[in-house]
Amino acid sequence: MLENALLIERIRAIHADSDGTYGMPRVRTEFVYQGVRVNRKRMAGLMRRKGILGVSRRRGFIITTW
């Protein structure tokens with residue numbers, strides 16, 4: 001679909017501007033800021049199919065008890 005191709009290009013541009021750190025929630029926030037309404041599930045699916053991933057900055061946890 002042409003519309004999906006245009007969305008993917010905009011997603012890639014926003015993702016690149018964030019140095020590859022933005023995932024779906026932040027990319028979608030940028031879309032809303034620009035006045036574009038996109039369903040979050042649609043955006044997540046497009047990003048997943050094209051291999052566009054955000055960076056998780058959360059550290060894992062260490063279990064200190066037995």
### Task
Among the trypsin sites (Lys or Arg not before Pro) in the range 19-57, which ones are in a DSSP loop with at most 14 other Cβ atoms within 10 Å of the Cβ? Mind listing them?
ARG37, ARG57
### Task
Just subtract the alpha-carbon distance of ASP17 and GLN34 from 0.36 nm times their residue separation and send over the number in nm, one decimal.
4.7 nm
#### Entry: FRET efficiency, ARG10 to SER56 (Cβ-Cβ, R0 30 Å, nearest 0.05)
0.85
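For the chain, with only Lys/Arg (+1) and Asp/Glu (-1) charged at the beta-carbon, what is the dipole magnitude about the Cα centre, in debye rounded to 20?
In total the dipole reaches around 320 debye.
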### Summary
Heavy-atom accessible area per residue of the chain, all protein chains kept, 1.4 Å probe, expressed in Å², is 87 Å²
### Task
Would you rank MET43, MET1 by solvent-accessible area, highest first, keeping every protein chain in place and using a 1.4 Å probe?
MET1, MET43
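Once the other residues with Cβ under 15 Å from the Cβ of MET1 are scored (Lys, Arg +1; Asp, Glu -1), what is the net sum?
Once all neighbours under 15 Å are counted, the net charge is +2.
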### Rh (Kirkwood; distinct C-alpha pairs) - the range 6-52, Å
10.4 Å
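The values are calculated or read from the model by the stated rules, or taken from the named source; none is laboratory data. Small disclaimer: the values here were computed from a predicted structure and weren't measured. Because the Cβ atoms are built from the backbone with ideal geometry, glycine has one as well, and the counts that use them run over all protein chains shown. With ligands, DNA and RNA removed, areas are computed over all heavy atoms of the protein, side chains included. Shrake-Rupley method; radii C 1.70, N 1.55, O 1.52, S 1.80 Å.
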